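Every number here is computed from the coordinates shown, using simple stated rules; none is lab data. Nothing here was measured: the structure is a model prediction, and the numbers come from that model. Here Cβ is always computed from backbone atoms with ideal geometry, including for glycine, and neighbour counts include all displayed protein chains.
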Amino acid sequence: MTQSDEAKCLRVLQLTDPHLMADPHGELLGINTRDSLDAVIVQVRRERPAPDLVLVTGDLAQDASEEAYQALKTRLSVFDCPVLWMAGNHDDSERLVLMAGPEASRKHLIAGGWQFVLLDSSVPGKVFGYLSEAELAFLEKTLAEHEPRPTLVALHHHPVDIGSGWMDNIGLMNRDEFWQVVDRFPHVQAVLWGHVHQVWDEMRNQVRLLATPSTCIQFKGGSDRFAVESLAPGYRWFELSPSGSLSTEVGRVAECSFVPDMDSTGY
């Protein structure tokens with residue numbers, strides 16, 4: 001990456017799986033999810049106070065309540081840039097769009113020489129993910145119309161196995177159809193998701209595959225059964241250059257005051 005590219009890089013922040021609740025004191029495995037999100041936002045603003053784009057990749061609310069979405073909206077208002085919301089399996093897609101508004105619920109954005117394609121993989125009443133025919137058609141049409149612009153595709157559910165039995169059973173169920181579309185377009189540089197509450201960074205046919213820690217609890221990687229780790233809430237930064245190069249790093253809140261209840265058996 002040249003010095004000129006560095007100066008022009010688009011700075012993108014991913015926040016994911018905050019699991020906010022109507023109750024301000026609501027906890028997930030012993031962690032107050034509003035407090036943990038607040039701690040993440042304080043830290044990211046201390047590190048890099050002015051992102052160019054924020055992506056919030058699902059499970060925004062644990063209870064799909066208007067109060068939870070309003071709490072999220074209030075917290076995200078500190079960012080003076082586009083903030084885009086995506087639905088996860090704990091969300092109500094219609095209520096989310098209503099609360100987010102047309103700007104935050106956009107599914108396509110072009111910025112800094114890149115395009116961002118956001119997909120709704122949520123299925124009402126289900127934990128696993130699935131992309132409808134309409135979502136797949138939207139993906140294909142958008143990728144075709146904007147070739148060869150470097151592209152990041154984001155969704156909530158993981159479209160590859162991550163080596164965790166219980167999580168792989170609730171990932172994207174029609175991943176083959178998803179990849180049949182993506183594999184036709186070499187300008188897709190990265191696929192980004194939430195849901196798994198852990199770091200993932202691999203390559204698939206020149207596409208960077210990325211997952212990010214939750215802003216609340218963290219799931220134990222490689223576990224066949226539900227398990228959590230005593231890792232701090234996290235987030236991910238991207239630097240995207242107009243040439244199509246990508247650099248990324250994961251951060252976590254500095255203090256370890258958000259320790260989950262390790263004896264819990266579900267979330």
Exercise for the section: Among the lysines, select those whose C-alpha is under 23 Å from the C-alpha of residue 107, and discard any that sit fewer than 8 residues away in the same chain. Expected result: 73, 126, 141
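At a Förster radius of 25 Å, what calculated FRET efficiency corresponds to the Cβ-Cβ distance of residue 141 and residue 205, to the nearest 0.05?
On the way: r = 21 Å, r/R0 = 0.85.
The formula returns an efficiency of 0.70 here.
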Completion exercise
Rounded to the nearest 500, the 222 nm mean residue ellipticity computed for the chain from DSSP H runs (n ≥ 4, each -39500 (n - 2.57)) alone is -7500 deg cm²/dmol
Handout entry: Modelled label reach - residue 230, point 7 Å along Cα→Cβ, the stretch 165-206 residues with backbone N closer than 20 Å
Key = 198-199
Problem - Reachable aspartates and glutamates from residue 8, criterion Cα separation under 16 angstrom, eight or more residues apart if same chain - result: 52, 239
Problem - Per residue, the convex hull volume that the Cα atoms of the chain enclose (Å³) - result: 116 Å³
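Using the Cα centre of the chain as the reference point, and only Cβ charges (+1 on K/R, -1 on D/E), how large is the resulting charge dipole? Debye, rounded to the nearest 20. Don't skip to the end; give the middle numbers.
Working: 22 positive and 38 negative charges, 124 e Å.
Roughly 600 debye for the chain.
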